[in-house]
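Scroll down for the structure; my scribbles are underneath it.
Coordinate-derived values only; no laboratory data. Remember, it's a predicted structure, so these values are computed and weren't measured experimentally. Cβ placement follows ideal geometry from the backbone for every residue including glycine, while neighbour counts extend to all protein chains displayed.
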Amino acid sequence: MLLVTFLVLVFLFSLATRRLERTVVTGPMLFAVAGALVVLAVPSARAGKAGSHAFLHGAEIALCLLLFTDASRTDLRLLKSIRRLPTRLLSIGLLLSILLGALAAKLLLPALSWAEAGILGAILAPTDAGLGQVIVTSQRVPKRIREALSVEAGLNDGLAVPFFLFFIALARPGAAGDASLWPFLLEQLGYGVAIGAGIGLVGGKLLALAHRREWAAASAAKLGAVTLPLLAMLASDATGASMFIAAFVAGLAVQIPYRQAGSHAVEFAEEWGQLLSAAVFFLFGTIFLGAFDQLTVAMAAYAALSLTAVRMAPVALALMGTRTSRPTVLFMGWFGPRGLASIVLGLVFLEHEARLPGERTITLAVVATVFLSILAHGATAMPGISLYGKAIRALPPTAPEREGDVG
């Protein structure tokens, strides 16, 4: 039932994408709401345990492909100077978002331990470029602002994973004096980095060699590039490493010997990544409906705070000294939607089976925040671009946004 409904919805969505671009209805919004409505109409259609595991594996594949693709197409020169806007957002902005997210969790959800609050903050720190696609592609938004938001969304999910794993390890009963804490982190992070770097460098060198000697057809190049994050996933699963760290590092490493790998991965992601992401948001909608009656006022308040102050205050601090205008600070602060990365990290948290006292609270807070983000950021994207465009046109010619360079 769910599969048939999803496929029909994808087909109908493909027929109306251009029309939907003129409205406030985004793809993630449509699929998430549709998933919720299907379960509301047919309660028996809700995925069972087997379906939930399939959902997790599909979401993991989607996130690994996304991490690899975003990392492989990122110009690392953008991150070499702390004066650069993406570097500020990925350092000051990300760290403060995790910290404020944890503090807000302790304030509104006091039953959580500090480690559990840290898990929640790390899960909800990454932003989603897919949910903000209309923002990062709109010509009415200055190029440097679009570039900064795109790079931030592309890399902050991979950078948030180490914090996520650290807090999970710390939250386990007796972890403070547990000698296995650091070996666990070494296994997850160290092995993940080693696997990703090895697969990325070796795979990139072979792809570059095949390209130079014209051994491979151009149509097969993207197939070769996309196998690398999948190999990183399998190798990580066999060694106990983090597949997300491995896929992310592989994307950074592959471009060292073979810069074109990013464009090949993007071609694949545009064709299949969107389908996987649509499936994740559709099934997420079914989960939201099942969790709706368990949400509390405190969880709803946390969701609202996570999308506003927890995101906007760190962005404002990260932009200090860049001479950016108040409209730019507000625009970049608001448009940090939560989506695929938060959904997958939330599912991975459940799969760790740490059996923490605050597990249910964390899960519900993540569900509430992501669903609210899908609706709020989708509905405000087009009006926000229009208002921001007017504000930018009113700035003097010497403004950083008008000069085309921020920071």
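Computed from label points 7 Å out along Cα-Cβ, the spacing between Arg259 and Ala41 is 5.1 nm. Near Pro28, within a Cβ-to-Cβ distance under 12 Å, what is the net charge of the other residues, with Lys and Arg +1 and Asp and Glu -1? Once all neighbours under 12 Å are counted, the net charge is 0.
Counting pairs on different chains as well as pairs 8 or more places apart, how many Lys pairs in the chain have Cα atoms under 26 Å apart? Number of lysine pairs found: 4. In terms of the mean number of neighbouring beta-carbon atoms within 10 Å, the peptides 224-233, 206-215 order highest first as 224-233, 206-215. For the chain, relative contact order (Cα pairs under 8 Å, six or more residues apart, normalised by length) works out to 29 percent. Counted by Cβ distance under 10 Å from Thr324, the other residues give a net charge of +2, where Lys and Arg count +1 and Asp and Glu count -1. Between Val25 and Ala216, the modelled label-to-label distance comes to 4.0 nm, taking each label 7 Å out from Cα in the direction of the beta carbon. Sorted ascending by nearby beta carbons within 10 Å, beginning with the fewest, Ser150, Ser14, Ser277, Ser263 become Ser14, Ser263, Ser150, Ser277. For every other residue with a beta carbon closer than 12 angstrom to the beta carbon of Ile195, add +1 if it is Lys or Arg and -1 if Asp or Glu, then tell me the sum. Charge balance in the 12 Å sphere: -2.
Listed from fewest to most Cβ neighbours within 10 Å, the set Lys205, Lys390, Lys106 follows the order Lys390, Lys205, Lys106.
Highest-first packing order for the peptide set 21-31, 361-371 is 361-371, 21-31, based on the mean count of other beta carbon atoms within 10 Å. Provide the FRET efficiency to the nearest 0.05 for the Ala298-Val10 pair, computing r from the beta carbons and using R0 = 51 Å. So, using R0 = 51 Å, E works out to roughly 0.90.
Spatial offset of the range 103-126 relative to the range 188-259 amounts to 34 Å, using the alpha carbon center of each. Between Ala381, Ala238, Ala291, the residue with the greatest mean-square fluctuation in the GNM of the chain (Cα pairs under 10 Å linked by springs) is Ala238. Across the options Gly339, Ala376, Leu112, the greatest Cα extent toward the positive end of the charge dipole of the chain (unit charges at beta carbon of Lys, Arg, Asp, Glu) belongs to Ala376. With N counted as the residues of the chain, its alpha-carbon radius of gyration over 2.2 N^0.38 Å works out to 0.96. Exposure proxy shown here: for Ser97, Ser91, the number of other Cβ atoms within 10 Å sets the order, fewest to most, as Ser91, Ser97. Each peptide in 122-131, 307-316, 328-337 was scored by the mean count of other Cβ atoms within 10 Å over its residues; highest first, the order is 122-131, 328-337, 307-316.
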